[in-house]
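Comments concern the structure below.
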Amino acid sequence: DEFAEARARMVEEQIESRGIAAPRVLEAMRSVPRHEFVPAAERPVAYEDRPLPIGEGQTISQPYIVALMTELAAPAPGAKVLEVGTGSGYQAAVLAACGAEVWSIEIVAELAGLRIIRESIQDDAGVETRFAVIGSELPARTGTDRTVLALAVLISSASAFMPGWSFA
């Protein structure tokens, strides 16, 4: 893996140095290939300390933010996590690498993350990732242990895109 050294440096310099200490989170950040969740033109800078464009006016979150949200969610192996805002699929992949069963919802159906996630983590043992575009019905669910809001816009402004949804 030509990006393994860059990934290790990202974890050490951007994540551990800022206080992220959960072993499962650090291992997930070391193992999930962020470069596979960005367009080819962005791959050379995939491990830089910043968000990157992924298309449709959206971005993949800065690595530290993904690690912080994951550490705060504290997904135990087998935990059921609902992620709102799939985007590229990177956050869902990191949660799944921590052993969570991830259900992810995305409003922008054109984003490649829906395809990438299926290919990247669907076959992992103990991982069951679901996708739905807001406005469609979600599969029947018995509840989740955690919810991760991975939206890059203010949620109050998202209501224009989601008729019938209230964010009070």
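The values are calculated or read from the model by the stated rules, or taken from the named source; none is laboratory data. Bear in mind that the values here come from a model prediction, so they are computed numbers and not experimental data. Cβ sites come from the backbone with ideal geometry, for glycine too, and all protein chains shown count toward neighbours. Heads up: the accessible areas ignore ligands, DNA and RNA and are worked out on the full protein's heavy atoms, side chains in. Shrake-Rupley method; radii C 1.70, N 1.55, O 1.52, S 1.80 Å.
I'm checking my understanding of the structure. Among residues of the stretch 32-46 that are in a helix (DSSP H, G or I) and open to solvent by 30 Å² or more (accessible area, probe 1.4 Å), which one is nearest to Ala93 (Cα to Cα)?
Only one residue tops the list, namely Glu36.
Hey, could you check the stretch 92-105 for residues that are open to solvent by less than 10 Å² (accessible area, probe 1.4 Å) and either out of contact with any helix residue (DSSP H, G or I) (no Cβ under 6 Å at 6 or more places or on another chain) or not in a loop (DSSP other than H, G, I, E, B) (or both) and say which is modelled with the lowest pLDDT?
Ser104
Could you look through the stretch 77-91, keep only residues that are at pLDDT 80 or above and outside any strand (DSSP E or B), and pick out the one that is nearest to Ala22 (Cα to Cα)?
So the residue we want is Pro77.
Within the stretch 11-31, is there a residue that is out of contact with any strand residue (DSSP E or B) (no Cβ under 7 Å at 6 or more places or on another chain), buried (at least 21 other Cβ atoms within 10 Å of the Cβ) and not in a helix (DSSP H, G or I)?
Looking for residues that are out of contact with any strand residue (DSSP E or B) (no Cβ under 7 Å at 6 or more places or on another chain), buried (at least 21 other Cβ atoms within 10 Å of the Cβ) and not in a helix (DSSP H, G or I), one finds none in the stretch 11-31, hence no.
Looking only at residues in the stretch 47-66 that are assigned to a helix (DSSP H, G or I) and in contact with an Asp or Glu (Cβ under 9 Å, 6 or more places away or on another chain), which one is surrounded by the fewest Cβ atoms within 10 Å (Cβ to Cβ)?
Among residues in the stretch 47-66 that are assigned to a helix (DSSP H, G or I) and in contact with an Asp or Glu (Cβ under 9 Å, 6 or more places away or on another chain), the one surrounded by the fewest Cβ atoms within 10 Å (Cβ to Cβ) is Tyr64.
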